[in-house]
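Bear in mind that the values in this text are calculations on the coordinates, not laboratory data. Just so it is clear, the structure is predicted and the values come from calculations on it, not from any experiment. Virtual Cβ from ideal backbone geometry, glycine too; neighbours counted across all protein chains shown.
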Amino acid sequence: MNILITGSNGQLGTEMRNLSASHPAHRYFFTDVAELDITNREAVHTFVQTNAVDLIVNCAAYTNVDKAEQDEATARLINATAVANLATAGCKVIHVSTDYVFSGDEHLPCRECDTVAPRTAYGRTKYEGEQQLLAANPDAIIFRTAWLYSPYGNNFVKTMLKYGREKDELRVVYDQIGTPTYAADLAQAIFAAIESPFWHPGVYHFTDEGVCSWFDFTVAILRLAGVQCRVTPILSSEYQYQTPRPHYSVLDKAKVKNTFNLTIPYWMDSLEQCLKRL
């Protein structure tokens, strides 16, 4: 199979590249904006046809939640318009979306069939991307994920390690609950979908197992890394967010586990694996 990986310089794209060596039966095309501008429909369609691409795995996204509020047009271009371009390229698509399509007011893990209610430009544009993909290519697979981190790029784990080494105290919110997701684990799940003997289109939720607050996550990061820094829990109301964050964004993973026979690691075990690589 000829597989195009977009956004290949990002966290997930890099982990897909790393894992591709373990799946040598396929031919891979790893692109980022310098190699392929996915906001250009003609460029996308030409690339797919020229290289006989059978499957696109879209790891590209506009993920800066605060900047998206000031520049929703650019967020929409990357998170929705570009996805429509991929959807109409004439091949299968696996696309990565986000927990931000939900309101964050839930009190139970969100299922794929639950009503979406995005409250941010980021969430709105990501949901628009989902809708455009499924309208044009109903055979597509969507993985919604949350709290993604890895040894690559900018993410919460690397930020907390940096600040923890520089400061005596970190003040971190404890009333926002979710599940960290190691990008390598999500990449494994995507390859499980690719390698499955049957193609299973639809929307799936994937994070690592367990739940925690950003405070708990920070405490675990610093403890496992051996960084001595006091972590103080605070309320969201004490932190000056430019854009509202979900208070509860735990995703129900029963569907993805049953469909692809996945055993998903506990978030703290995966965090430990990531920190070893750092």
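Here are the numbers:
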{"read-out": "The chain - charge dipole about Cα centre, Lys and Arg +1 at Cβ, Asp and Glu -1, debye rounded to 20", "value": "400 debye"}
{"read-out": "Total charge dipole magnitude, segment 22-69, about the Cα centre, Cβ charges on Lys, Arg, Asp, Glu only, Debye to nearest 20", "value": "180 debye"}
{"read-out": "Per-residue HN-Hα couplings for segment 134-146 [Karplus 6.51, -1.76, 1.60; θ = phi - 60°; Hz; x = Gly/Pro]", "value": "6, 5, 8, 9, x, 8, 6, 10, 10, 10, 8, 9, 7"}
{"read-out": "Listed residue (Cys91, Tyr62, Leu19) projecting farthest to the positive dipole end of the chain, Cβ model", "value": "Leu19"}
{"read-out": "FRET efficiency, 1/(1 + (r/R0)^6) with R0 30 Å, evaluated for Leu278 and Gln242 via beta carbons", "value": "0.60"}
{"read-out": "Förster radius 45 Å - calculated FRET efficiency between Asp71 and Phe198 (Cβ-Cβ, nearest 0.05)", "value": "0.65"}
{"read-out": "DSSP bridge orientation in the chain - percent antiparallel, rounded to nearest 5", "value": "5 percent"}
{"read-out": "Thr232/Thr88 FRET efficiency (R0 45 Å; Cβ-Cβ; nearest 0.05)", "value": "0.35"}
{"read-out": "Max mean-square fluctuation residue, GNM over the chain, Cα-Cα springs under 10 Å, options Leu222, Leu108, Leu161", "value": "Leu108"}
{"read-out": "Under the Karplus curve 6.51 cos²θ - 1.76 cosθ + 1.60, θ = phi - 60°, whole-Hz ³J(HN,Hα) for segment 54-70, x wherever Gly or Pro sits", "value": "9, 8, 10, 10, 8, 9, 7, 6, 8, 10, 6, 4, 6, 5, 4, 5, 8"}
{"read-out": "Inter-label distance for Ser213 and Leu108, nm, one decimal - labels placed 7 Å from Cα along Cα-to-Cβ", "value": "2.4 nm"}
{"read-out": "Top positive-direction residue, dipole computed over the chain with Cβ charges, set Ile38, Gln242, Pro265", "value": "Pro265"}
{"read-out": "5 angstrom amide H check on Val203, placed H, neighbours 5+ away", "value": "Ile142"}
{"read-out": "Thr259 paired with Asn64, simple spin-label distance in nm, labels 7 Å along Cα-to-beta-carbon", "value": "3.3 nm"}
{"read-out": "Value at 222 nm in deg cm²/dmol, rounded to 500, when DSSP H runs of n ≥ 4 in the chain each add -39,500 (n - 2.57)", "value": "-11000 deg cm²/dmol"}
{"read-out": "Dipole magnitude of segment 108-201 about its Cα centre (Cβ charges: Lys, Arg +1; Asp, Glu -1), debye to nearest 20", "value": "340 debye"}
